[in-house]
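Chemist: Handing you this structure, nothing more for now.
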Amino acid sequence: MDTYNRLPVSFKKGRGVWLIDYHGNKYLDATSGYGVCSLGHCNKLISKAIRKQSKRLIHTSNLFHVPEQEKLAAVLSKKSGMEKVYFCNSGSEANEAAIKLSRLYGVKKGYKTPLIITLKSGFHGRTMGSLSATDQVKIKKDFEPNLPGFEHAPINDFAYLRSLVEKNKEIVAIMLEPIQGVGGVKVANQDYLKSLRKFCTENDLLLIFDEVQTGIARTGEFFAYQNFGVFPDVVTSAKALANGIPIGACLSRGSASALFNPGDHGTTFGGNPFVATVGLAVLDYIERFNLVETVKSTSKYLFNALNKKLAGNKNIIDIRGMGLMVGIEMSLSAQEIVKACLHENLLITAVAGNTVRLLPPLIILKREIDLLVNTLSNAILKIGGAS
Ligand code: PLP
């Protein structure tokens, strides 16, 4: 079905930060396959784990204990400070689980119409629940009726959010991306997140962070909330968790961990021995090669290079982000810049508000960053004229 406007290229092979098309041309992938292949394409150690587990056992079903899934849950819990994990197959599904958890939280309090607050220009997925949580008119308008039970508040406006809660007695949760990805790489303020944490605790609301894009070391901590020192009750993950093998996870702690009982939610594929083993290999790689620290220093290098090359350019409005999640807002068409970069064998994405987003693999080298920044800067000069 025609669900994507595809760019005119397809790839035959990948290795590290590079993709090779069917004519043998080499592209620098600063999208990581949309935030997924954070350890690079066809990472040798991950491919080895895939090969090994595919010969041992791929799928049983959640009718049985799955030791690999339990192990992955234990490692994720240790890294996140969460207590329980539900595994599924995508970011949208992870958010569906968080939405169902929140509704159950309300129903157990006797609420008839539990309400979840999410943020304006937030993105949580394309399934009906996650789409209803999303605030992007363009992708929602033809799919009415959306699910009821969602209100949207502007990012970094605590007073507005508090007034919403005061007006609605059946609010159960606040759900947000600590850094909005699709919404334009907008970073939540630390003070705002701290106020939300305090407010949720005082009012018995669940604080849910959608870390589908920001998680798994992308921002220089394992989860972005660790940069802010603000711990959610529920966190969702997906994308980079198995470096390209479909996976999603909804993690919880405290009272949120006691909500689901057998029969309340489920999935056929989620957390099978194969994907769980690949997830474990990803987490092991991050630990073994100290990627969290690597991202911190690579990030500094990338931001310095971008600021040096672009900050004075008249078409640049803002360069922002965290770790290796970067947004460059411009007065130019972001789509035009994406096309100009593609022409020069660099892959980047356009997000809301004429912002181009960089999500390079976490293993990117400094010389590859130099190439990325030079190519992007040339594309901006070509489309926007000299600064
Ligand atoms: N949440 C966030 C923050 C995302 O960026 C995305 C996808 O881009 C999703 C949820 C949806 O994930 P998926 O496409 O795996 O369903």
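Chemist: Would you tally the residues in the stretch 74-88 being open to solvent by 40 Å² or more (accessible area, probe 1.4 Å), under 16 Å from THR277 (Cα atoms) and not hydroxyl-bearing (Ser, Thr, Tyr)?
Modeler: Within the stretch 74-88, residues that are open to solvent by 40 Å² or more (accessible area, probe 1.4 Å), under 16 Å from THR277 (Cα atoms) and not hydroxyl-bearing (Ser, Thr, Tyr) number 2.
Chemist: LEU176 - would you say it is more than 15 Å from the ligand (Cβ to nearest atom), crowded, with 19+ Cβ neighbours inside 10 Å and of a type outside the set (Val, Ile, Thr)? Break it down into steps so the answer makes sense when it comes.
Modeler: Working: more than 15 Å from the ligand (Cβ to nearest atom): no; crowded, with 19+ Cβ neighbours inside 10 Å: yes; of a type outside the set (Val, Ile, Thr): yes.
It is false that LEU176 is more than 15 Å from the ligand (Cβ to nearest atom), crowded, with 19+ Cβ neighbours inside 10 Å and of a type outside the set (Val, Ile, Thr).
Chemist: With the requirement that a residue be crowded, with 23+ Cβ neighbours inside 10 Å and either without any contact (Cβ under 8 Å) to a residue 60 or more places away in the chain or in contact with a Gly (Cβ under 8 Å, 6 or more places away or on another chain) (or both), what does the stretch 229-239 give you?
Modeler: PRO232, ASP233, VAL235, THR236, SER237, ALA238, LYS239
Chemist: Looking at the stretch 54-62, can you tell me whether even one residue there is farther than 14 Å from ALA249 by Cα and assigned to a strand (DSSP E or B)?
Modeler: No, the stretch 54-62 contains no residue that is farther than 14 Å from ALA249 by Cα and assigned to a strand (DSSP E or B).
Chemist: Condition (residue is crowded, with 21+ Cβ neighbours inside 10 Å, in a loop (DSSP other than H, G, I, E, B), among the aliphatic types (A, V, I, L, M) and touching a Leu at 6+ places or on another chain (Cβ under 9 Å)) applied to the stretch 328-351: is it met by at least one residue?
Modeler: yes
Chemist: Looking only at the stretch 240-277, which residues are within 12 Å of the ligand (Cβ to nearest atom), part of a helix (DSSP H, G or I) and surrounded by fewer than 20 Cβ atoms within 10 Å (Cβ to Cβ)?
Modeler: Within the stretch 240-277, no residue meets the criteria.
Chemist: Can I ask one more? Suppose the filter is closer than 30 Å to ASN227 by Cα and touching a residue at least 12 places away in the same chain (Cβ under 8 Å); does GLY40 pass it?
Modeler: yes
Chemist: Continuing with this model, one more query. Select from the stretch 57-91 the residues that are under 20 Å from ALA240 (Cα atoms) and among the acidic types (Asp, Glu) and write down the one among them that is nearest to the ligand (Cβ to nearest atom).
Modeler: GLU68
Chemist: Give me the residue from the stretch 92-132 that is part of a loop (DSSP other than H, G, I, E, B), of a type outside the set (Ser, Thr, Tyr) and away from the ligand (no atom under 16 Å from the Cβ) and, out of that set, most open to solvent (accessible area, probe 1.4 Å).
Modeler: LYS112
Chemist: List the number of the failed condition for THR236; all other conditions in (1) touching an Asp or Glu at 6+ places or on another chain (Cβ under 8 Å); (2) more than 18 Å from MET175 (Cα to Cα) hold.
Modeler: Result: THR236 passes all but (2).
Here is a yes/no grid of residues against (1) under 24 Å from the mean Cα position of the chain (by Cα); (2) open to solvent by less than 50 Å² (accessible area, probe 1.4 Å):
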residue	(1), (2)
GLU287	yes, no
LYS300	yes, no
LYS314	no, no
GLY321	yes, yes
LEU376	yes, yes
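Chemist: Further, regarding this structure: Can you pull out every residue in the stretch 176-209 that is in a helix (DSSP H, G or I) and within 18 Å of the chain's Cα centre (by Cα)?
Modeler: LEU193
Chemist: Now a separate question. Collect the residues in the stretch 63-73 that are assigned to a loop (DSSP other than H, G, I, E, B) and open to solvent by 70 Å² or more (accessible area, probe 1.4 Å), keeping them in residue-number order.
Modeler: Within the stretch 63-73, LEU63, PHE64, HIS65 meet the criteria.
Chemist: Okay, moving on. Going residue by residue through the stretch 29-44, is there one that turns out to be within 16 Å of the ligand (Cβ to nearest atom), over 19 Å from ALA256 (Cβ atoms), open to solvent by 40 Å² or more (accessible area, probe 1.4 Å) and not in a loop (DSSP other than H, G, I, E, B)?
Modeler: So far as the stretch 29-44 goes, yes, one or more of its residues are within 16 Å of the ligand (Cβ to nearest atom), over 19 Å from ALA256 (Cβ atoms), open to solvent by 40 Å² or more (accessible area, probe 1.4 Å) and not in a loop (DSSP other than H, G, I, E, B).
Chemist: Quick one: is LYS167 more than 19 Å from the chain's Cα centre (by Cα), surrounded by fewer than 16 Cβ atoms within 10 Å (Cβ to Cβ) and within 16 Å of the ligand (Cβ to nearest atom)?
Modeler: no
The values are calculated or read from the model by the stated rules, or taken from the named source; none is laboratory data. Fair warning: this is a prediction, and the values are worked out from it, not measured in the lab. As a convention, Cβ positions derive from the backbone with ideal geometry for all residues, glycine included, and neighbour counts pool all protein chains shown. With ligands, DNA and RNA removed, areas are computed over all heavy atoms of the protein, side chains included. Shrake-Rupley method; radii C 1.70, N 1.55, O 1.52, S 1.80 Å.
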